[in-house]
Amino acid sequence: IRQQYGSYITNNVFLYGKLRIKLCKLKCDLIFLKVCKRENLLPKFVTFKIPSTHQHHQRAIQNCYRAILINEIKIKKRQLSQLYKMCKNLESSIQVEMDPVIKSRIRTIIKELEKEKEIVFRNRHGKKLEMLRTLQKLPSNIKRKTITTSPIKNYSKRTLTHDETVALENGLDFILPSLTFDEESFISNIETLFVSLLGKCSDKNDYEERESDELIVYNLTPEQLKLSNKLRKLCDTFRWNAYKTISRYRDDTEPMIRTLRNLSKDKSIHISRADKGRAVVILNKIDYNTKMESILNDTGAFKIIESDPTLKKEDMLQHKLLKLRNSGFITDAEYIYARPVGSGPGKAYGLPKIHKKDLPLRPIISTCNTFNYKLSKLLAKKLGHLRISPNIINDTFKFVDEIHSLRFNQDEIKLVSFDIISLFTKVPLDRTIEIILEQMYGKPHTCTFSNKKKDDWCDNCKNRYELKSLLEIATKDSHFIFNDKIYCQLQGIAMGSPLGPLFADVYINYLETKLKRRLVTNGVLYWKRFVDDSFVIVKKDADINKLLKILNSFDPAVQFTVEIENNGTIPFLDILISRNNNSTGSRTFTTTIYRKPTFTGLLLKWTSYVPMSYKISAISSMAYRAIRICSTYVLLHHEFKFIRLLAMENGYPIEFVLNQIGKTLNRFYEKQNITSSSTSTNLNKNADKVPKNEQLFIDLPFV
């Protein structure tokens, strides 16, 4: 067309095609709006948030919503008539200048495009109508009630702009679409996949390691050539779709990236997540540093050191591990795993406790890539069995099942909860290490107290000595950096160390064993603990203060606090436990989901650029948790309503939420109803013996 009729006519043809598609969209929009008006549905664009203080104006607000909808229909009609006129004028100018045959072909092409777009528009509107109809069926209190609060907690002097607020309201876990496509990595990964399929991939990780005379010749069969051609087409399609996706999201993503980048350049503020919950906390940098340094200036717990001892400690641990491998105390695999290379100091940071006055910080030390991090992980895995205790909660759902099976006389019990203050930093290291050694090797032998050389000790004493040295290296030699200063921790174990939960459980298990008789004598009927939180059932006449005094008398450093039930109800972990007042024979306790005051209602946003499996998991995990924890169908029904509302406020389509809740229910009850017979067991055993095909994996960018 451009060659035969010039750029003016060509531009008119393209403009005519665009206007016809726009006309098609306007018609579909009008149909959608008229259906909404007829069925009293409210599209999202006509509604707006109302403060809780103005909810008594609901009738006027609903009238306003409907007036906006009617006015939008009038505007669309005016736009439709204007577009009709523009299309007629363009069609007339094209008809005069162009050949009838070419004009007929152009009209056919445009009509085909219109049909394709009309299908897209109608499907989109159909989904919207389905969602609005489903929402209309929900109870009115569920539709109007707002259960989320702003996830942004701004305690700084900086006033956020509208764009900054919108960007941060998505949370710190929000993923923006990538605006780049790594061509080189994509091509190299595809090439690696193809040569792996051919079985001719070199076993050298580096090109320079390849033998000078090593030559790989690819003599492909016709079938392999056909496969390579098919793979090439698939790659081209994938790449084209990737660039198309990047182009589609660029306009929305680039401004948000600029906003976040500018915000990160403000050195006067500190942005972090909260200690509990998913809130985004903004503090003045000076206040944050002052609070952290006040914690680290405790000379009994931390000490500033002049130089970085990382290299010296790394070298020492390497020699120690080599010696232990040669002696047979650790295996070759354990030596390779724990041997430190390229280590650095730990990183200290603080998480604000927004539920407490004056916003105190919880100090965390990230020990990743420290010289003793892998050693700590290895020891935590090998000594994990020492955490086992009848009092420890390993699984929330098993704990709930156990609570439901308990039978007590309601008039003779009460519920309490004990919490340990700053347990990790208060655990006595020397004492805990001795407890671990005693559980592993028993009481110390005379070898260590005699004048014998270490080589002459018995194997038990040698192993005891070596394990003790490794535990001390993994816990006592920790150092970290904060605000360009290097600190050494003098007591307790770092929050963030893999050995933290192990040491805490071992020591508190020891405490519980020593105090068990006194606690039972003073009215304790049931005791369960998860790290530093304990759920306890005591006799109604038990002296809680006396129990607290007994617990606090064991170790001056490890101190407990107590919370007593309120109207027969007490929160523990993520469970709200209540005593039943029903007749004998029913459950003693009812349970439901508990959410802490720091709960903001922020989930993984529907608009977050992550695989769909993440979003499915966000809803199904909440639904499964509700099924397992809620003890009655009424409580479960209320929790499902809450999940629906919560998900909708995070942008999830209602049909998607209902679908995931239904699937989770089906999976749970199908699993409950399955009875494993001996025949099916044998079939499964035989199926396990069938060799699996070799799998090849490939890295592809998520687009």
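So which of T513, T569, T561 is of a type in the set (S, T, N, Q), under 18 Å from I435 (Cβ atoms) and surrounded by fewer than 16 Cβ atoms within 10 Å (Cβ to Cβ)?
T513
Just a yes or no: is a residue in region 573-581 at pLDDT 90 or above, buried (at least 16 other Cβ atoms within 10 Å of the Cβ) and of a type in the set (K, R)?
No - not one qualifying residue is present in region 573-581.
Can you list residue pairs whose Cβ atoms sit under 8 Å apart, with the first residue in region 497-525 being free of Cβ contacts under 8 Å to residues at least 24 places away in the same chain and the second being part of a helix (DSSP H, G or I) and buried (at least 19 other Cβ atoms within 10 Å of the Cβ)? Count only pairs 6 or more apart in sequence or on different chains.
Between residues of region 497-525 that are free of Cβ contacts under 8 Å to residues at least 24 places away in the same chain and residues that are part of a helix (DSSP H, G or I) and buried (at least 19 other Cβ atoms within 10 Å of the Cβ), the close pairs are V524/L547.
Hey, among K454, K443, K485, which residue is within 30 Å of L351 (Cβ to Cβ), of a type in the set (K, R) and surrounded by fewer than 16 Cβ atoms within 10 Å (Cβ to Cβ)?
Among K454, K443, K485, only K485 is within 30 Å of L351 (Cβ to Cβ), of a type in the set (K, R) and surrounded by fewer than 16 Cβ atoms within 10 Å (Cβ to Cβ).
Being within 18 Å of the chain's Cα centre (by Cα) and either under 16 Å from I661 (Cα atoms) or at pLDDT 95 or above (or both) is the requirement here; does I627 meet it?
Criteria not met by I627.
For region 526-576, enumerate the residues that are part of a loop (DSSP other than H, G, I, E, B), in contact (Cβ under 8 Å) with a residue 24 or more places away in the chain and under 29 Å from R625 (Cβ atoms). Full working, then the answer.
Let us first name the residues in region 526-576 that are part of a loop (DSSP other than H, G, I, E, B), namely 531-532, 540-543, 554-559, 565, 567-568, 573-574.
Then keep just the ones that are in contact (Cβ under 8 Å) with a residue 24 or more places away in the chain; that gives 531-532, 540, 542, 554-555, 557-559, 565, 568, 573-574.
Passing the criteria: V531, D532, E565, G568, L573, D574.
Hey, among E402, E438, which residue is assigned to a helix (DSSP H, G or I) and under 12 Å from T588 (Cβ atoms)?
So the residue among E402, E438 that is assigned to a helix (DSSP H, G or I) and under 12 Å from T588 (Cβ atoms) is E402.
Return the residues of region 271-288 that are assigned to a helix (DSSP H, G or I) and hydroxyl-bearing (S, T, Y); say none if nothing qualifies.
Y288
Residue by residue, here is whether (1) touching a Gly at 6+ places or on another chain (Cβ under 9 Å); (2) outside any loop (DSSP other than H, G, I, E, B); (3) at pLDDT below 85 holds:
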site	(1), (2), (3)
D163	no, yes, no
T180	no, no, no
S185	no, yes, no
N189	no, yes, no
V195	no, yes, yes
S202	no, no, yes
E211	no, no, yes
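Residues that are touching a residue at least 40 places away in the same chain (Cβ under 8 Å) and closer than 23 Å to T513 by Cβ: does region 361-368 have at least one?
Within region 361-368, none of the residues are touching a residue at least 40 places away in the same chain (Cβ under 8 Å) and closer than 23 Å to T513 by Cβ.
What number of residues within region 355-382 satisfy the criterion of being outside any strand (DSSP E or B) and more than 23 Å from E314 (Cβ to Cβ)?
6
The values are calculated or read from the model by the stated rules, or taken from the named source; none is laboratory data. Values in this document were obtained by computation on a predicted structure and should not be read as measured data. Cβ sites come from the backbone with ideal geometry, for glycine too, and all protein chains shown count toward neighbours.
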